[in-house]
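Q: Dumping the structure here so I can ask a few things about it.
The values are calculated or read from the model by the stated rules, or taken from the named source; none is laboratory data. Note that the coordinates shown come from a computational prediction; the quantities given were computed from them, not determined experimentally. Note that each Cβ is placed from the backbone with ideal geometry, even for glycine, and that neighbours are counted across all protein chains shown. Accessible surface areas use protein heavy atoms only, side chains included; no ligands, DNA or RNA. Shrake-Rupley method; radii C 1.70, N 1.55, O 1.52, S 1.80 Å.
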Amino acid sequence: EQTGLPLLAQQVGAQVLHSPFYTCPLRAGCPVTVTVHDATFFTEPEHYDKSRRTFFRSAIKTSLRRADRVIVPSKATRDELIRLLDADPTRIDVAYHGVDHSAFHAPSEEEKARVRARLGLGGSSYVAFLGAKEPRKNVPNLIRGWARAVADRPDPPALVVAGGQGHDDEIDRAVAEVPSH
């Protein structure tokens, strides 16, 4: 990132360099924009191991000082960066997350049927969670809450939990507590 990316940007004649994940080159040779997705390395440090937390805290502070523009996905993240790190509000732009409709689309009935069959859902309704399975997402309490909410229903909707691998050991324990029906 620090040497190869600026060299590549120079070779292709980049007019702007966008770093999409918290960090950016210190000397890019062109204007730099960096995306800071959240402030959890500062607000929820207990969810990260010490080396990752230390690295990203430093990198985010540096990015806020060095980047020409900072992109955040929400006003809440913008406000946290200003409050916690005294970031310059005039250099932070909110760009809400969106969907690339050429890559993502409403599924056809055939696609839905194929997924339902693969998951063993049949025609039953379901509630879905899609996200990283890590402690700060609180998936175990989602599972426990869903179990309590549907406990008295004779034919409850399924709970589908999907997403990238996380490091929350409590998920398996919460699943084990769910009644078999």
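Q: What helices (runs of 4 or more DSSP H) completely inside the range 93-181 contain at least 2 residues that are of a type in the set (Val, Ile, Thr)?
A: Qualifying helices (runs of 4 or more DSSP H): 139-150, 170-176.
Q: Let me ask another. Of the residues Ala28, Ala59, Ala76, only one is at pLDDT 95 or above and open to solvent by less than 50 Å² (accessible area, probe 1.4 Å); which?
A: Ala59
Q: Then there's this: Could you say which residue among Leu81, Leu64, Leu5 is of a type in the set (A, V, I, L, M) and either touching a residue at least 40 places away in the same chain (Cβ under 8 Å) or loosely packed, with under 15 Cβ neighbours inside 10 Å (or both)?
A: None of the other options fit; the residue is Leu81.
Q: Quick one: count up the residues across the range 120-130 that are within 24 Å of the chain's Cα centre (by Cα) and surrounded by 13 or more Cβ atoms within 10 Å (Cβ to Cβ).
A: Summing the residues that are within 24 Å of the chain's Cα centre (by Cα) and surrounded by 13 or more Cβ atoms within 10 Å (Cβ to Cβ) in the range 120-130 gives 2.
Q: Among (1) more than 16 Å from the chain's Cα centre (by Cα); (2) in a loop (DSSP other than H, G, I, E, B), which single condition is His37 missing?
A: (1)
Q: While we're on this one: Scan the range 135-157 residue by residue and report those that are surrounded by 15 or more Cβ atoms within 10 Å (Cβ to Cβ) and of a type in the set (A, V, I, L, M, F, W, C).
A: Result: Val139, Leu142, Ile143, Trp146, Ala147, Val150.
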